[in-house]
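Report on the following structure.
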Amino acid sequence: MNIQIAVLCDSAIEYQNRLCILGTFDTIRTQTLPATKPQCSVALQILWTKIEEGTHTIKTRFMDDDGNPTLKAVNSSVKISVPPTSSFLTTNHILNIQQLKFVKTGNYLIVIDINGNMKAEIQLQVLQIEGKN
């Protein structure tokens, strides 16, 4: 299993088995706290091989720089069955998030666990900026 893409973005959709990603980002700049991101998505593309056929669990965890959860973890599962004519299968996973709120500045981490093992991290920083005079 190989996570080919793991990003935080403005939006993502799957279209004809293609992962369409708009506006990846790793920094939120805000003048005031708490800061709210009205809409965003976590987008993953995972490549699986024949030896990985079966059901796998994917857990997405959100935490601040102290390791405290900032959102409830999201659990999902995927059943992998590689077609006989292929040597691998690629799956796309999109987690849409509404009204993502940050009460403090600092570093945040989105952790992707597969079958209980950490497989990817997405870094995010929230910075407070001075307002225009």
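The values are calculated or read from the model by the stated rules, or taken from the named source; none is laboratory data. From a predicted model like this one, the values you see are computed outputs, not experimental measurements. As a convention, Cβ positions derive from the backbone with ideal geometry for all residues, glycine included, and neighbour counts pool all protein chains shown. Accessible surface is based on the protein model in full, side chains and every heavy atom, while ligands, DNA and RNA are left aside. Shrake-Rupley method; radii C 1.70, N 1.55, O 1.52, S 1.80 Å.
Numerical summary
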read-out: Computed lengthening from Met63 to Tyr15, 0.36 nm per intervening residue step minus Cα-Cα distance; value: 14.3 nm
read-out: Cα-centre dipole for the chain with unit charges at Cβ (Lys and Arg positive, Asp and Glu negative), debye to 20; value: 240
read-out: Hull volume in cubic angstrom per residue (convex hull over the Cα atoms of the chain); value: 103
read-out: Exposed trypsin sites (Lys or Arg not before Pro) absent: longest stretch of the chain, with sites in DSSP loops and at most 14 other Cβ within 10 Å deemed exposed; value: 1-103
read-out: Positive dipole terminus of the chain, leading residue within Gly131, Val7, Gln39 (C-beta point charges); value: Gln39
read-out: Per residue, in Å², the accessible surface of the chain once ligands and nucleic acids are set aside, probe 1.4 Å; value: 61
